[in-house]
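Here the structure is laid out as structure tokens; the discussion comes afterwards.
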Amino acid sequence: GSLIASRLLQYRRQKLILTISLGLNSLSCLMLAMSGIGGVGGDDGPGAKIGTREDAARLLYASRFLIGVTQACYIIYATVWIEEFSPLRMVTLWQGLNQATAVFGVALGYVLVEAVVSSGLNWRWSIGIQSFFLFTMTAILIPIKHIYIN
């Protein structure tokens, strides 16, 4: 995904690429939530009764692949944006904070999944909630002027 994302970001409008990739990432997370493969918390998640086990496995693999591809655009773009727009004396701090957000996000994700599963819901609900917030972030990104992004 990074080979494609880097070329797209280099030769196309970054805001458009980021908006599309964030929207597709949200849809990919929704696909993962609806994959229908059981697990901790029972079979009460979204898409719990979707097709055969083989169909569910295909949806799971496709969604995981798409999540990785769509995340590549942000990962590449964030580093370049910081180098381009951050104050010169703060570049290292901003890059460090950017890297720390991944670790913080994973840890927060584990905590939230535990809360969802402890409440009796399937783990897929936590991915569905993540998809909702990604859709919200996509909607917030749309009205931002491209001069702050490109």
### Selection status of Leu141, out of contact with any Lys or Arg (no Cβ under 6 Å at 6 or more places or on another chain), within 24 Å of Leu27 (Cβ to Cβ) and loosely packed, with under 12 Cβ neighbours inside 10 Å
no
### Message
Out of everything in region 120-138 that is farther than 30 Å from Leu16 by Cβ and open to solvent by less than 80 Å² (accessible area, probe 1.4 Å), what residue ends up being nearest to the chain's Cα centre (by Cα)?
### Response
Arg124
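Is it true that Gly42 is part of a loop (DSSP other than H, G, I, E, B), over 26 Å from Cys73 (Cβ atoms) and modelled with pLDDT under 55? Break it down into steps so the answer makes sense when it comes.
Working: part of a loop (DSSP other than H, G, I, E, B): yes; over 26 Å from Cys73 (Cβ atoms): yes; modelled with pLDDT under 55: yes.
Yes.
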#### Entry: Every pair of residues 6+ apart whose Cβ atoms lie under 7 Å, when the first sits in region 70-83 and is within 21 Å of Cys29 (Cα to Cα) while the second is open to solvent by 80 Å² or more (accessible area, probe 1.4 Å)
Thr70/Leu24
### Summary
Every listed condition ((1) touching an Asp or Glu at 6+ places or on another chain (Cβ under 8 Å); (2) free of Cβ contacts under 8 Å to residues at least 40 places away in the same chain) holds for Val111 save (1)
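The values are calculated or read from the model by the stated rules, or taken from the named source; none is laboratory data. Owing to the predicted nature of the structure, the values given are computational and were not obtained by experimental measurement. Cβ sites come from the backbone with ideal geometry, for glycine too, and all protein chains shown count toward neighbours. All accessible areas refer to the heavy atoms of the entire protein, side chains included, with ligands and DNA or RNA removed. Shrake-Rupley method; radii C 1.70, N 1.55, O 1.52, S 1.80 Å.
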